[in-house]
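The structure is given below, and queries will be raised subsequently.
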């Protein structure tokens with residue numbers, strides 16, 4: 001009897017009671033499997049962490065590779081770099097940078113880049129944090145870096161939280177140009193004069209554009225200079241060109257707008273007799289359409305004045321496929337609808 | 001090397017999620033990961049209001065607190081209000097998410113603040129987010145260490161509490177009768193789930209984590225009837241899904257998380273049709289064979 005018991009207890013791990021053993025045995029079988037796989041993977045990890053480092057290609061015999069997050073930044077780099085750089089934008093036309101989803105190839109594009117340009121000020125969200133870290137191993141520049149804090153629009157309550165949509169103030173965007181120019185010169189000093197010449201020409205173009213926008217907006221009678229859009233992207237535009245701006249959504253395109261916000265906005269539109277509101281190419285039109293409908297029920301006819309390029313440019317090759325074209329298209333849409 | 005880092009991170013997270021997911025699907029709590037992904041919103045807003053920054057550290061802290069609070073509430077409603085777990089999960093996370101939206105619209109309407117842009121990471125950038133020491137030594141992707149640590153904690157947890165977890169999952173009455181506290185182990189499991197999900201959200205994004213908690217264990221569940229085999233099959237699926245998903249994304253130049261979840265779904269579909277015992281088609285073939293055998297036997301009898 002004693003011998004039989006001894007044999008039995010040998011089968012039971014950790015001297016558990018026989019009652020538990022019938023379950024316990026079955027349970028323990030699979031555990032080592034999972035454990036072994038996990039242990040193997042961890043070992044593999046430790047082993048492979050040791051052999052870091054990829055092939056470095058020769059920079060000398062090819063163009064400087066610039067990767068930008070948004071189309072606007074890519075456009076800047078293209079104008080300054082001209083033929084001596086190869087520019088790529090990660091976010092295509094009509095893409096909302098707040099909600100951009102990276103693809104497998106983006107990683108390779110960032111890896112292969114000599115220079116990475118991004119907007120900063122949290123426009124790229126979590127991706128901005130990654131890019132900030134990438135700065136330690138690569139030339140990564142937020143183009144908003146050179147702009148003085150006093151010229152940024154900040155949140156009234158939270159310090160250090162700025163509106164990222166700087167490209168709508170053409171003058172401010174010209175300062176981003178300086179940042180890009182400095183970056184390119186540092187990466188390729190041999191082309192310094194070429195870059196500077198390009199930058200000078202483009203700076204003149206931007207200055208002209210700034211003047212033009214100012215004149216165009218002035219054509220709208222002051223009491224009608226109210227721009228209502230789907231989300232708060234146009235604050236810089238409003239400040240620079242003296243037009244009141246109201247956004248239906250906050251800066252984030254995810255946050256919902258409140259019922260009271262909606263009622264207030266409808267009252268505001270009806271009260272001021274506003275003729276048109278605007279939709280954006282990279283934000284859903286649903287909410288702004290609800291406002292139009294709400295106004296109609298109050299007996300005020302407001303129409304959709306057109307679609308504005310806010311966080312992304314138009315199709316490449318089209319009229320809004322370049323920064324200047326995008327601004328012109330926006331301004332024409334606004335002036336035509338409000339005048 | 002990039003491919004390796006991404007696949008390895010995905011695999012480690014898939015193993016963590018799968019390990020916990022096996023228990024979750026058996027407890028009918030599979031959607032708790034989805035619940036946490038929504039319910040962390042007020043935590044993020046509160047962390048922002050307290051700290052004034054959108055730094056990952058604060059966001060993760062706020063999210064982790066809310067994650068634990070969520071699982072606590074779910075358990076509480078389930079036990080005290082006698083709600084079914086799915087109803088408890090549904091009530092809790094929608095309420096917390098709504099609270100977060102209200103908080104944003106009241107306090108932080110002008111700040112770009114939501115899980116998508118301050119908490120959820122992107123698996124494609126795992127190799128770029130390096131852990132670099134003060135002295136400038138590059139130690140590899142940060143997410144890899146987080147995922148490894150999380151997996152280690154989970155394995156230790158399941159290893160130590162294996163018997164208790166299993167008994168409270170399969171036979172709570174018996175577990176209680178031999179003195180195992182059902183709620184204690186429930187809370188521990190939920191705590192592990194919320195730690196795993198929040199840490200993984202930060203590294204690789206939400207959709208991937210939610211899917212990995214459910215899809216591999218659910219697929220494995222169709223393949224086997226034994227719990228240890230369920231764990232082993234889940235682990236194998238975790239590796240296959242991560243690698244398969246990565247190469248699908250590479251081939252399509254698409255979102256890696258999306259591709260991994262797609263592969264997980266396809267494998268589930270295959271298991272649904274062809275699983276050795278429970279598969280739809282395998283069952284049908286078996287029935288047809290049996291009918292044939294029966295018909296032959298009957299014919300033989302008549303002769």
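Does residue B:239 meet the test of being assigned to a helix (DSSP H, G or I), crowded, with 24+ Cβ neighbours inside 10 Å, touching a helix residue (DSSP H, G or I) at 6+ places or on another chain (Cβ under 7 Å) and in contact (Cβ under 8 Å) with a residue 12 or more places away in the chain?
no
Tell me which of these residue A:210 doesn't satisfy, since it passes every other one: (1) closer than 24 Å to residue A:335 by Cα; (2) more than 29 Å from the chain's Cα centre (by Cα); (3) surrounded by 14 or more Cβ atoms within 10 Å (Cβ to Cβ).
That leaves (2) as the condition not met.
Which condition does residue B:127 not pass, out of (1) in contact (Cβ under 8 Å) with a residue 40 or more places away in the chain; (2) part of a helix (DSSP H, G or I); (3) under 23 Å from the mean Cα position of the chain (by Cα), if it passes all the others?
Status for residue B:127: all satisfied but (2).
Let me ask something else. Output the helices (runs of 4 or more DSSP H) that fall wholly within segment A:218-302 and possess 3 or more residues being under 30 Å from residue A:149 (Cα atoms) and modelled with pLDDT of 80 or more, or say none.
Here the list reads A:235-241.
Have a look at A:132, A:124, A:159 and point out the one that is at pLDDT below 90 and not in a loop (DSSP other than H, G, I, E, B).
A:132
Okay, moving on. Taking the condition of being surrounded by fewer than 23 Cβ atoms within 10 Å (Cβ to Cβ) and within 24 Å of residue A:282 (Cα to Cα), how many residues in segment A:214-227 meet it?
Final tally of qualifying residues: 3.
Given the options B:99, B:83, name the one that is assigned to a loop (DSSP other than H, G, I, E, B) and at pLDDT 85 or above.
Within the list B:99, B:83, the selection yields B:83.
What is the residue count in segment A:115-138 for residues that are over 15 Å from the mean Cα position of the chain (by Cα) and closer than 19 Å to residue A:72 by Cα?
Summing the residues that are over 15 Å from the mean Cα position of the chain (by Cα) and closer than 19 Å to residue A:72 by Cα in segment A:115-138 gives 1.
Here's something else I'd like to know. Hey, does segment B:192-210 have a residue that's part of a helix (DSSP H, G or I) and without any contact (Cβ under 8 Å) to a residue 40 or more places away in the chain?
No; the residues of segment B:192-210 include none that is part of a helix (DSSP H, G or I) and without any contact (Cβ under 8 Å) to a residue 40 or more places away in the chain.
Filter segment A:162-190 for residues that are assigned to a helix (DSSP H, G or I) and touching a strand residue (DSSP E or B) at 6+ places or on another chain (Cβ under 8 Å) and give the result.
Selection gives A:179, A:180, A:183, A:184, A:186, A:187.
Let me ask something else. Restricting to segment A:97-125, give me the number of residues that are under 28 Å from residue A:239 (Cβ atoms) and facing another protein chain (nearest Cβ under 10 Å).
Looking only at that region, the number is 9.
Of all residues in segment B:215-256, which are more than 8 Å from chain A (Cβ to nearest Cβ), under 15 Å from the mean Cα position of the chain (by Cα) and under 20 Å from residue B:3 (Cα atoms)?
B:237, B:238, B:241, B:242
Inside segment B:120-135, can you point out the residues that are more than 7 Å from chain A (Cβ to nearest Cβ) and within 15 Å of residue A:101 (Cβ to Cβ)?
Listed by number, the residues that qualify are B:123, B:126.
The values are calculated or read from the model by the stated rules, or taken from the named source; none is laboratory data. The structure presented is a predicted model; accordingly, all values stated were derived computationally and were not measured. Please note: Cβ atoms are built from the backbone with ideal geometry, for glycine as well, and neighbour counts cover all protein chains shown.
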